[in-house]
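Read the structure below first, then the notes.
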Amino acid sequence: MRARYGVPLGITAVGAAGLLYAAGFEARSFRLRRVTVPVLPAGMRPLRVLQVSDIHMVSGQRKKQRWLRSLAGLRPDFVINTGDNLSDPEGVPEVLDALGPLMDFPGAYVFGSNDYYGPTLRNPVRYLFEKAQGRHGLNGNPPVVGAIHNPWEDLRDGFDSAGWLNLTNVRGALKIDGVEIELTGIDDPHIKRDRYAQVAGGPSASADFSMGLVHAPYLRSLDAFTADGYPLILAGHTHGGQVCLPFYGALVTNCDLDTDRVKGLSTHTASGRTAYLHVSAGCGTSRYTPIRFACPPEATLLTLTPRE
């Protein structure tokens, strides 16, 4: 009996322990990552940018709310929110409360698909099949039927009333100590709401520094920003793979970006130009898959410094 059942029971025990760790500990093990990016013009003072992404707030997530509020102690020059704030139609007040101290700083945002639509219960293995078939989101998949509509207008109004720039297929600018930072954003490519043609043309000559923002780092968007001459692009969406294999990394990105760039700082090249790309692993999960493994939740403090 021991020889027959020992191995299966051992595997089951290890699997259960891993799931308990992924859901009970790592998914709530919030941390701050720090990155230095040499993209500013010579002579400009460094800028500290806090990027928050993929909060996926579910009502009652008190630890996440406290952690987000604590980030205001970093006192960044400005804040960038790259979308997917919600995983619960009732979560808007808690998102606005958690981000309240950060909204005392200049900031800007783009939305992701989960700001517009609530998550649905789905088999996580489907992400592997979609990767193999080159289908992600509405890019190649049939339209969503019977989707839950989140109250994204309330979220937008809360951000706007705090003075954050809504970069839904538009350009905007922040003045930081007399320096003009141009921010160009597009809506979420994952659900085909991106309209790059409305913001095309590259950085403005009048801006001291320009950067691009998008929720999901689809290659068509990265190509467009890079070809237009933006030196830095910020994105989220991937969750860093969410469930990764130790010593291997992410299995999927949930878009057409390669897994080598699923999170952190990298570069992107298009039309003979190269831009820095930073993809946040985010600090949340879908309410239906509340686990992370070898991929802790995060926010990132990016220090932008002059180019060498």
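The values are calculated or read from the model by the stated rules, or taken from the named source; none is laboratory data. All values reported here derive from a predicted model rather than from experimental measurement. Note that we place each Cβ from the backbone using ideal geometry, even for glycine, and neighbour counts take in every protein chain shown. The area values use the complete protein model at the heavy-atom level, side chains included, leaving out ligands, DNA and RNA. Shrake-Rupley method; radii C 1.70, N 1.55, O 1.52, S 1.80 Å.
Values computed for the structure shown
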{"quantity": "Cβ-Cβ under 6 Å pairs, at least 6 apart or on other chains, segment 62-82 side at pLDDT 95 or above, far side open to solvent by 70 Å² or more (accessible area, probe 1.4 Å)", "calculated": "63/28; 76/48; 77/48"}
{"quantity": "Strands (runs of 3 or more DSSP E) enclosed by segment 176-274 - at least 1 residues per element that are without any contact (Cβ under 8 Å) to a residue 12 or more places away in the chain, over 17 Å from residue 111 (Cα atoms) and of a type outside the set (D, E, K, R)", "calculated": "264-270"}
{"quantity": "Residue within segment 170-180 that is among the charged types (D, E, K, R), modelled with pLDDT of 95 or more, surrounded by 14 or more Cβ atoms within 10 Å (Cβ to Cβ) and farther than 16 Å from residue 190 by Cα present", "calculated": "yes"}
{"quantity": "Where a residue in segment 115-144 is part of a strand (DSSP E or B) and its partner, wherever it lies, is among the small types (Gly, Ala, Ser), with Cβ under 8 Å and at least six apart", "calculated": "117/147"}
{"quantity": "Pair list, Cβ < 7 Å and 6+ apart or interchain, from segment 32-49 residues that are within 18 Å of residue 206 (Cα to Cα) and touching a residue at least 60 places away in the same chain (Cβ under 8 Å) to residues that are assigned to a loop (DSSP other than H, G, I, E, B) and open to solvent by 80 Å² or more (accessible area, probe 1.4 Å)", "calculated": "39/307; 40/307; 42/307"}
{"quantity": "Count - residues of segment 225-262 that are open to solvent by 20 Å² or more (accessible area, probe 1.4 Å) and among the aromatic types (Phe, Trp, Tyr)", "calculated": "2"}
{"quantity": "Test set (1) at pLDDT 95 or above; (2) farther than 19 Å from residue 56 by Cβ; (3) open to solvent by 10 Å² or more (accessible area, probe 1.4 Å) - residue 275 fails condition number", "calculated": "(3)"}
{"quantity": "Residues (farther than 16 Å from residue 275 by Cα and touching a Ser or Thr at 6+ places or on another chain (Cβ under 7 Å)) located in segment 189-203", "calculated": "189, 190, 191, 194, 196, 199"}
{"quantity": "Residue match in segment 68-76 (condition: closer than 27 Å to residue 229 by Cα and not aliphatic (A, V, I, L, M))", "calculated": "yes"}
